[in-house]
Amino acid sequence: MTLALMHVDDEPDIREVAAMALELDPNLSLVSVGSGQEALDLIAAGQAPDVILLDFMMPIMDGPGVLKRLRAMSGQELTPVIFMTARAQTSEVDQLKALGAIGVIVKPFDPMTLADQVRGLLAEAKV
């Protein structure tokens with residue numbers, strides 16, 4: 001079964017590295033966008049992913065802001081969200097999970113294990 005993943009990050013270099021890593025997995029279908037608003041617009045237009053890999057710090061609308069708006073959208077109340085952030089202290093990870101994320105992937109991430117990390121977090125969350 002193919003997993004539809006949306007990666008949201010304002011940094012083109014990070015999107016490119018993540019795309020190269022994630023596209024190596026034949027069972028992942030990737031949509032990569034550069035802003036939270038772009039992600040929300042695509043989802044509202046019917047391109048809802050199975051999981052969202054969401055940058056924490058972005059201009060205009062940060063990751064928590066995107067998550068809050070996503071949860072208010074019909075049909076998106078339970079879409080699994082994984083934050084990507086350089087903030088990796090336990091208290092910060094706990095705060096992100098309290099916002100409704102199923103997990104956190106720390107930047108800089110290992111491109112060779114990124115897909116496995118996503119699948120592992122989905123399995124832990126039993127999604």
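Can you tell me which of 44, 72, 19 moves the most in a GNM of the chain? Springs connect C-alpha atoms under 10 Å apart.
72
Run the reach check for residue 97 against aspartates and glutamates, Cα to Cα strictly under 20 Å, same-chain hits fewer than 8 apart removed. What comes back?
9, 50, 55, 62, 77, 116, 124
Can you give the charge dipole size of the chain about its Cα centre, rounded to the nearest 20 debye, using +1 on the beta carbon of Lys and Arg and -1 on the beta carbon of Asp and Glu?
Roughly 440 debye, rounded to the nearest 20.
With a 1.4 Å probe and every protein chain kept in, tell me what percent of the accessible surface of the chain is carbon plus sulfur.
Working: 3740 of 6770 Å².
Result for the chain: 55 percent of the exposed heavy-atom area is carbon or sulfur.
Give the residue from 21, 59, 74 lying farthest towards the positive end of the charge dipole for region 11-76; charges sit on Cβ (+1 for Lys and Arg, -1 for Asp and Glu) and the dipole is referred to the Cα centre.
Result: 74, furthest along the dipole toward the positive end.
Between residue 106 and residue 48, what is 0.36 nm times their sequence separation minus the Cα-Cα distance? Round to one decimal in nm.
Length gained between residue 106 and residue 48: 18.5 nm.
For every helix of n ≥ 4 consecutive DSSP H residues, a contribution of -39,500 (n - 2.57) applies; sum these over the chain, divide by its total residues, and give [θ] at 222 nm rounded to the nearest 500 deg cm²/dmol.
Taken over the chain, the calculation gives -11000 deg cm²/dmol.
Run the dipole for region 81-127 about the Cα centre, Lys and Arg Cβ at +1, Asp and Glu Cβ at -1, nothing else charged, and hand back the magnitude in debye, nearest 20.
Charge dipole of region 81-127: 100 debye, to the nearest 20.
The values are calculated or read from the model by the stated rules, or taken from the named source; none is laboratory data. No experiment lies behind these values; they were computed from the predicted model shown. Every residue, glycine among them, receives a Cβ derived from its backbone with ideal geometry; neighbour counts consider all protein chains shown. With ligands, DNA and RNA removed, areas are computed over all heavy atoms of the protein, side chains included. Shrake-Rupley method; radii C 1.70, N 1.55, O 1.52, S 1.80 Å.
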